[in-house]
Amino acid sequence: MTRRWQGTTLFTVIMAGVAATVGGRLMTAPAPTAVAAPNLGSTTTTTPAPTSTPTGATTPSAAAHSPAAQAAPAKTTVQGAVEQTVYGPVQVSVTFSGSKITDVTALQTPNQSGRDVMIASYAVPQLRQEVLASQSAHVDSVSGATYTSGGYLQSVQSAIDAHH
Amino acid sequence: MTLLVIAGGLAVVGLWWPTAVITASPSALAIAVAELVGMIGSYLVCIQVLLIARIPWFERMVGLDRLVAWHRVVGTSTLFLVLAHVSFMTLSQWITVGGGPVGAYLGLFHIYPDMLTATVGTAIMLGAGLLSANVLRRLMSYELWYWTHVTTYLAIFLTFLHQISAGPVFVGHPLNRLIWMAMYFGTAACVVVWRALTPLVRFAKHRFEVVAIVPESRRMTSVWIRSKRPELLRARAGQFMLFRFLAWGHLLTAHPYSISNVPADGLIRITVADLGDHSGALRNVRPGTKVVVEGPFGGFFGRRRRAASILLVAGGAGIGPIRGLAEQFARMGRSVVVVYRASHTDDLALYHEVAALPRVHLVPLVGRRAELGYDPLEPGRLARAVPDIAHRETFICGPDAMIERVRGSLIDLGVPARRIHSEELSFA
């Protein structure tokens with residue numbers, strides 16, 4: 001009599017636990033970094049840097065492994081290589097002022113699922129800040145976004161390599 | 001036990017926690033729920049398998065019949081969890097991309113690897129689970145049920161692939177992946193060792209063989225099985241074993257049957273009621289047929305064996321283990337009363353055998369309730385049949401409904417629940 005509903009009851013209890021856990025996780029989650037992260041550029045910003053669109057809705061660039069350098073005396077924007085990750089391609093463009101990195105823009109990030117978009121939306125601003133702060137691609141990947149981070153940083157590195 | 005399982009569940013949440021990506025958007029929440037539910041479901045799948053892996057100490061501690069009852073309970077919720085996982089994954093994709101539930105589900109195939117195997121595996125799991133639901137289970141033969149159930153091992157493997165290759169907790173987290181694989185391979189190892197190797201090793205030693213088939217009543221048949229190494233045989237009265245007869249029509253399934261004698265000289269007897277399927281076909285097994293045996297299971301005899309006076313209640317094929325117990329307890333000098341419930345005198349298998357046991361008092365309660373106009377198992381009738389019933393340690397074996405009836409009557413008569421023991425005959 002009672003046994004018939006034990007399985008269903010157990011399921012209900014587990015689902016309640018899951019809801020509580022996810023709720024708890026949501027409470028303790030750090031607020032996602034604002035997309036409009038402050039520009040670290042202490043150098044001259046003659047033209048406004050292109051605002052990054054972390055959702056990665058930009059059209060994929062045809063220039064895959066031949067980073068095209070745009071010639072400009074002080075300010076250069078270099079497209080990084082398209083890096084394939086498990087979840088999709090990642091590509092960035094890096095803006096240099098002389099040899100200093102002044103901005104990183106994500107041209108494409110994984111956007112196949114809601115989860116990908118979400119990961120990109122919180123990982124990309126963090127990665128950008130880290131790269132600007134360290135002036136290199138040698139930074140820690142964002143936890144929970146290992147693949148996106150890997151692709152992002154490689155793409156940054158390829159842009160740095162192309163610039164030098 | 002339960003605490004251990006809950007601790008494991010918390011550990012699973014601990015794996016999920018740091019890798020979870022959470023924002024307040026509905027799609028993100030759906031994914032978070034789906035992932036956590038999926039992991040807990042997957043963990044419970046392992047628990048499910050371990051419950052029925054015939055792990056010896058576990059078996060002795062809990063008893064296979066209760067393990068199987070737990071398996072049923074956990075199985076139901078696992079099934080729901082798997083469904084919830086699929087639903088929430090689909091829901092999140094639906095919210096993000098649109099395209100209706102079917103489109104959204106198919107969309108998942110592009111995002112995650114091993115989705116095809118996962119889908120097939122899930123379908124098999126749901127199918128096997130559904131067929132085990134009470135209503136459907138009654139409609140099918142044991143053989144069909146057995147085989148849909150065995151296929152779930154394959155299903156579990158198929159769904160395991162997408163967990164490891166697509167689960168964000170595992171992709172890029174080698175340690176988590178290692179833990180998860182250890183959990184699955186550990187479970188698989190238990191199954192291989194205790195459900196496959198142990199019976200085969202035992203068979204190699206004992207070379208179990210059918211020596212005689214004896215009709216006991218119009219519906220019951222006894223099968224005598226002999227071991228070549230009697231000194232190694234640990235089976236005891238009141239226990240049951242899983243028998244796989246190596247003959248056409250019997251080869252593919254193992255059936256649980258109770259031992260109906262006090263095993264001696266390497267001889268085991270099972271007494272089986274013809275329920276229209278395999279149990280009926282047993283009449284046609286030839287002497288000389290080899291038998292692979294799993295077990296023995298059931299701690300019926302071991303429980304509370306010190307009680308001075310014993311009441312044994314048997315219904316239908318429940319007489320098998322009860323008969324063995326009656327002799328065992330009588331030999332130990334206990335006062336034994338056997339209440340034997342049957343709807344017709346022709347169904348009283350082993351009646352004379354039990355009646356002839358020294359120091360065993362046999363009380364047959366025969367007749368259909370409709371014909372008698374009363375239920376012989378109601379408290380008043382039982383008390384009249386066994387006057388000192390309240391002082392006896394009771395063991396009940398028979399169909400589920402009868403066990404519940406007797407238990408209810410005994411409790412009405414003031415017998416404390418701890419002195420009532422029961423074992424269900426059907427555990428499939």
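The values are calculated or read from the model by the stated rules, or taken from the named source; none is laboratory data. Only a predicted model underlies this, so the values are computations on that prediction, with no experimental measurement involved. Neighbour counts run over all protein chains shown; Cβ positions are idealised from the backbone, glycine included. Areas reflect the complete protein model, heavy atoms only, side chains present, ligands, DNA and RNA absent. Shrake-Rupley method; radii C 1.70, N 1.55, O 1.52, S 1.80 Å.
Taking B:TRP16, is it at the interface with chain A (Cβ under 10 Å from one of its Cβ atoms), of a type in the set (Phe, Trp, Tyr) and open to solvent by less than 30 Å² (accessible area, probe 1.4 Å)? Here the answer is yes, as B:TRP16 does meet what is asked.
In summary, B:THR96 fulfils each of the numbered conditions (1) buried (at least 20 other Cβ atoms within 10 Å of the Cβ); (2) without any contact (Cβ under 8 Å) to a residue 60 or more places away in the chain; (3) in contact with a Ser or Thr (Cβ under 6 Å, 6 or more places away or on another chain) with the single exception of condition (2). Scanning the stretch A:129-150 for residues that are within 10 Å of chain B (Cβ to nearest Cβ) and among the small types (Gly, Ala, Ser) yields A:SER141, A:SER143, A:GLY144, A:ALA145, A:SER149, A:GLY150.
Looking across the stretch B:342-373, the residues that are more than 19 Å from B:ARG405 (Cβ to Cβ) and not aliphatic (A, V, I, L, M) come down to B:THR345, B:ASP346, B:TYR351, B:HIS352, B:GLU353, B:PRO358, B:ARG359, B:HIS361. Selection of first residues in the stretch A:98-117 that are within 14 Å of chain B (Cβ to nearest Cβ) and aliphatic (A, V, I, L, M) and of second residues that are surrounded by 21 or more Cβ atoms within 10 Å (Cβ to Cβ) and not in a loop (DSSP other than H, G, I, E, B), restricted to Cβ pairs under 8 Å at least 6 apart or on distinct chains, gives the following pairs, ordered by first then second residue: A:VAL117/B:THR96. The residues in the stretch B:99-116 that are open to solvent by less than 40 Å² (accessible area, probe 1.4 Å) and either closer than 25 Å to B:THR152 by Cβ or modelled with pLDDT of 90 or more (or both) can be counted, and the count is 3. Restricted to the stretch B:208-239, and to residues there that are farther than 15 Å from B:ILE259 by Cβ and among the charged types (D, E, K, R), the residue that is surrounded by the fewest Cβ atoms within 10 Å (Cβ to Cβ) is B:GLU231. Of the strands (runs of 3 or more DSSP E) lying entirely inside the stretch A:75-164, the ones with 2 or more residues being open to solvent by less than 10 Å² (accessible area, probe 1.4 Å) and at pLDDT 85 or above are found at A:88-97, A:100-108.
Are any residues in the stretch B:382-428 within 27 Å of B:ALA254 (Cα to Cα) and hydroxyl-bearing (Ser, Thr, Tyr), and if so, which ones? Residues satisfying the conditions are B:SER422, B:SER426.
Only one entry in B:ARG72, B:ARG66 is of a type outside the set (Gly, Ala, Ser), assigned to a helix (DSSP H, G or I), facing another protein chain (nearest Cβ under 10 Å) and open to solvent by 20 Å² or more (accessible area, probe 1.4 Å), namely B:ARG72. Of everything in the stretch B:148-177 that is over 21 Å from B:ALA188 (Cα atoms) and not in a helix (DSSP H, G or I), the residue that is modelled with the lowest pLDDT is B:GLY172.
Checked against (1) open to solvent by 40 Å² or more (accessible area, probe 1.4 Å); (2) small (Gly, Ala, Ser); (3) under 29 Å from B:PHE109 (Cα atoms), B:ALA7 meets all criteria but (3). Considering only the stretch B:3-26, I want to know if a residue exists there that is part of a helix (DSSP H, G or I), farther than 22 Å from B:LEU175 by Cα and among the polar types (S, T, N, Q). No.
One line per residue, one yes/no per condition, for (1) more than 12 Å from the chain's Cα centre (by Cα); (2) closer than 17 Å to B:GLN163 by Cβ:
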position: B:GLY14; (1), (2): yes, yes
position: B:ALA20; (1), (2): yes, yes
position: B:LEU36; (1), (2): yes, yes
position: B:ILE40; (1), (2): yes, yes
position: B:LEU51; (1), (2): no, no
position: B:ILE55; (1), (2): yes, no
position: B:ARG60; (1), (2): yes, no
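Exactly one residue among B:VAL191, B:VAL169, B:VAL214, B:VAL223 is in contact with a helix residue (DSSP H, G or I) (Cβ under 7 Å, 6 or more places away or on another chain), within 30 Å of B:ILE319 (Cα to Cα) and of a type in the set (A, V, I, L, M), and that residue is B:VAL223. Of the set (1) touching a His at 6+ places or on another chain (Cβ under 8 Å); (2) under 24 Å from B:ALA34 (Cβ atoms); (3) of a type in the set (Gly, Ala, Ser), all apply to A:ALA81 but (2). Residues in the stretch B:128-147 that are of a type outside the set (Phe, Trp, Tyr), open to solvent by 30 Å² or more (accessible area, probe 1.4 Å) and in a helix (DSSP H, G or I): B:LEU130, B:LEU131, B:ASN134, B:VAL135, B:LEU136, B:ARG137, B:GLU143, B:LEU144. Residues considered: B:ILE31, B:ILE40. Of these, the only one that is assigned to a helix (DSSP H, G or I) and in contact with a Lys or Arg (Cβ under 7 Å, 6 or more places away or on another chain) is B:ILE31. On the basis of being out of contact with any Lys or Arg (no Cβ under 6 Å at 6 or more places or on another chain), open to solvent by less than 40 Å² (accessible area, probe 1.4 Å), within 13 Å of another protein chain (Cβ to nearest Cβ) and of a type in the set (A, V, I, L, M, F, W, C), does B:ALA24 make the cut? It is false that B:ALA24 is out of contact with any Lys or Arg (no Cβ under 6 Å at 6 or more places or on another chain), open to solvent by less than 40 Å² (accessible area, probe 1.4 Å), within 13 Å of another protein chain (Cβ to nearest Cβ) and of a type in the set (A, V, I, L, M, F, W, C). In the stretch B:335-351, the residues that are on the phi < 0 side of the Ramachandran plot form Cβ pairs under 8 Å with partners that are open to solvent by 20 Å² or more (accessible area, probe 1.4 Å) and among the acidic types (Asp, Glu), at six or more places apart or across chains, as follows: B:ALA349/B:GLU216. Of all residues assigned to the stretch B:360-376, at least one qualifies as being within 30 Å of the chain's Cα centre (by Cα), among the acidic types (Asp, Glu) and part of a loop (DSSP other than H, G, I, E, B).
The conditions are (1) free of Cβ contacts under 8 Å to residues at least 60 places away in the same chain; (2) buried (at least 16 other Cβ atoms within 10 Å of the Cβ); (3) more than 18 Å from B:PRO321 (Cα to Cα), and B:ILE420 fails exactly one of them. Which is it? Of (1) free of Cβ contacts under 8 Å to residues at least 60 places away in the same chain; (2) buried (at least 16 other Cβ atoms within 10 Å of the Cβ); (3) more than 18 Å from B:PRO321 (Cα to Cα), only one is false for B:ILE420: (3). Of the numbered criteria (1) open to solvent by less than 20 Å² (accessible area, probe 1.4 Å); (2) more than 13 Å from chain A (Cβ to nearest Cβ); (3) not acidic (Asp, Glu), the one B:ARG60 fails is (1).
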